[in-house]
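Heads up: the structure comes next, in C-alpha cells.
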Amino acid sequence: MDLKYLARLFTVVLLLGSCTPPIAQPDSSPRSGPESAASPSPRAPSERPSLAVTARVMNGRSWYLVPDALVDITPIAGVLVAFDGDPSSTGAFARLRPGDHQVQLAAATGPNQRTASFDLHGLAPGGYAIDIVEQLAGGETVVATHEFKLSAPEYVVWTLDFEGDASADSELANTAAIADGFGVPMTIMWNPRVWTTVQVGDARAAAMLAWTKDRASKGDEVSLHLHMWTDFVRASGLVPRTAPNWAGRSDGYDVPMTAFSEAETKTMLDFSLRLMSEHGLPRPTTFRAGGQFASAANLRALAGSGFVADASAVPAGGFGRLVLPWTLAADAQPYRPAPDDANAVGALPLLEAPTIGGNTYAYDLRTIQPIVRTDLSLLAPAGEVARARRAITLVSHPGTIVPAERAAIESLFSAFAPLRYDRDAGPVRFITLAQLATAYGP
C-alpha cells in the first residue's frame, strides 16, 4: 500500500464522515482514465439475479476542485451507499459519468453499506455523476446516482493593514469577531512603525502585538505593511521624505514607497524583519506597500528578501494627488511581474496579487453594496462551475473596523456564502496571501 494511496484514503474517510469505513485499495491493473481501480468482472447472465437490490446514496460532496498546490484539498470523489439488502449477488459497481470509468465497491461497517471513490485528476471542470450499477439477468441497472460538480478553484484573500498608528481594543475585537464568525482566515499585515514612534504608547503597541500573536496562534498569517512615516524611515537609517505625497501631509505617511530605490527598500525591509523577530512575531513572507504604491524596484527588493507575494497592485487609476503606478485591468489576476516592469508578466520570483476586491474603509451596510455586486461579478455565479481559477484580494484595516464597517464587511462575507467550498456550496475558498502564493506555484 503506497503513500499516495494512503493519503487519498485518509482524505476520503474524512470526507464521508465518521460513519464511513475505509475505501478498499483499487486494483492496479493498467487502464485508461484518471483513477487506477479496475472495472469489475462481468458475471455470466445465468448467474445474475433478475431483481435489483434498491439503494440510496447516504453521503457524498456536491463540489470538488481541480487540484492546485495546496495540500489540504485532494480531488477524490467518494460516496457511501446503503443497499436495502445484500448486493453481493448483483455484482454491483460504481461508474463515473461522463465517460465509462468504473470501480468496484468496497464494504463499509454498516449493514449492506458500500463505498466507492474516483480520482478526479485530469478531468475538466463540469458536471459529473457516480452511478451505482447492478448486473442483472436483464442487463445493467442503475440503482442510485450521486451528482457533483468539479470546478476550478476560486480564492478570496482578506488582508488587514496595520497602518503604523494605534488601533483600539474595540476595533480589534470587531475584526476578530468577523474572522471567527465567518470562518475567514486573516492575512494580518503588521506595521513595525509602532516601535519607532512616540505617537503610539508602549502599552498600546503591546496590546496590538498580543492580539496579533494570538491570531497567529489560531492560524492567521502575519504579513508586513509599510508606510513611509518619517520617524520609521529615519529609524531604519535612511533620510526621510515628505514629497511626493498623495494627501498633503508632512509626516511621511502619504509618501509612496516608489520614491525609494531598491537598495533603500531592502534597508527598510531588513529593519522591519529585525524588529518583528525581536518582538516574537513570525517572519512574514508577504507584503503590501502603503497606499498601494510599488514599483519594479520595490518588488525586486521584496523578491531578493525572500518574500513570496505582494498585494500592492490595484487597477489603474489615481489616489489622492498622485497617479497610481499600476496600469492593470479591473479584474486583474495574480501574476509574476517582470523585473523591470511591475505591470508586465515576467520571471520575478514573487506573486503579485492585485487588490481587486475593494477597500472596506469607512463603508457601512448600505454603501458597501456596490462592492458586493462587483466582487460577485468576478466569480462564477452561484451553482455554476468556474472554468478557470480566479482570485480576489480585498483590504480592511484592524484599526478602523467600528460597528458600521463591521456590518459592511459581514454583509460582504455573507454574500459569498452560496459560493463557499467549505460549505459544499461552490468553488470559493477563503485563504491567506501566503496560501495564494502556494496555490499558484513557483
### Task
Assess whether R241 counts as being charged (D, E, K, R) and in a loop (DSSP other than H, G, I, E, B).
yes
### Query
Would a scan of the stretch 199-207 turn up a residue that is of a type outside the set (G, A, S), within 21 Å of T400 (Cα to Cα) and crowded, with 16+ Cβ neighbours inside 10 Å?
yes
## Note on the structure
Matching residues in the stretch 104-120 (in a loop (DSSP other than H, G, I, E, B) and either surrounded by 21 or more Cβ atoms within 10 Å (Cβ to Cβ) or touching a strand residue (DSSP E or B) at 6+ places or on another chain (Cβ under 6 Å) (or both)) number 4
### Message
Kindly evaluate G291 against the criterion of being of a type in the set (G, A, S) and either outside the structural domain of V222 (by TED's automatic domain parsing) or in contact with a Leu (Cβ under 6 Å, 6 or more places away or on another chain) (or both).
### Response
no
### Message
Please count how many residues of the stretch 331-355 are in contact with a helix residue (DSSP H, G or I) (Cβ under 8 Å, 6 or more places away or on another chain), among the small types (G, A, S) and in a loop (DSSP other than H, G, I, E, B).
### Response
1
### Message
Taking the criterion of being at pLDDT 95 or above, among the aliphatic types (A, V, I, L, M), more than 30 Å from F416 (Cα to Cα) and surrounded by fewer than 22 Cβ atoms within 10 Å (Cβ to Cβ), would at least one residue in the stretch 212-228 satisfy it?
### Response
no
### Message
Between V395, V308, V372, which is of a type in the set (V, I, T), closer than 30 Å to T265 by Cβ and surrounded by fewer than 21 Cβ atoms within 10 Å (Cβ to Cβ)?
### Response
V308
### Query
So which residues in the stretch 391-442 are more than 30 Å from T74 (Cβ to Cβ) and acidic (D, E), if there are any at all?
E405, E410
### Message
So if I check each of G183, G164, which one is under 29 Å from A382 (Cα atoms) and outside the structural domain of R56 (by TED's automatic domain parsing)?
### Response
G183
### Task
From L238, L224, L209, L172, grab the single residue that is of a type in the set (A, V, I, L, M) and farther than 21 Å from L269 by Cβ.
L172
### Message
List the residue pairs whose Cβ atoms are under 6 Å apart, where the first residue sits in the stretch 153-168 and is under 10 Å from M208 (Cα atoms) and in contact (Cβ under 8 Å) with a residue 60 or more places away in the chain, the second is of a type in the set (D, E, K, R) and outside any loop (DSSP other than H, G, I, E, B), and the two are 6 or more positions apart or on different chains.
### Response
A166/R204
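May I ask you to say which residue of I409, I371 is closer than 23 Å to V222 by Cα and touching a residue at least 24 places away in the same chain (Cβ under 8 Å)?
Numbers: I371 fails: closer than 23 Å to V222 by Cα.
It is I409.
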### Summary
For the stretch 60-103 the number of residues that are under 19 Å from R420 (Cβ atoms) and either free of Cβ contacts under 8 Å to residues at least 60 places away in the same chain or in a strand (DSSP E or B) (or both) is 6
### Task
Give the residue that is nearest to L80 (Cα to Cα), with candidates limited to residues of the stretch 121-132 that are aliphatic (A, V, I, L, M) and surrounded by fewer than 21 Cβ atoms within 10 Å (Cβ to Cβ).
A129
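The values are calculated or read from the model by the stated rules, or taken from the named source; none is laboratory data. Computed from a predicted model, the values in this text were never measured in an experiment. So basically every Cβ, Gly included, is an ideal-geometry build from the backbone, and we count neighbours across all protein chains shown.
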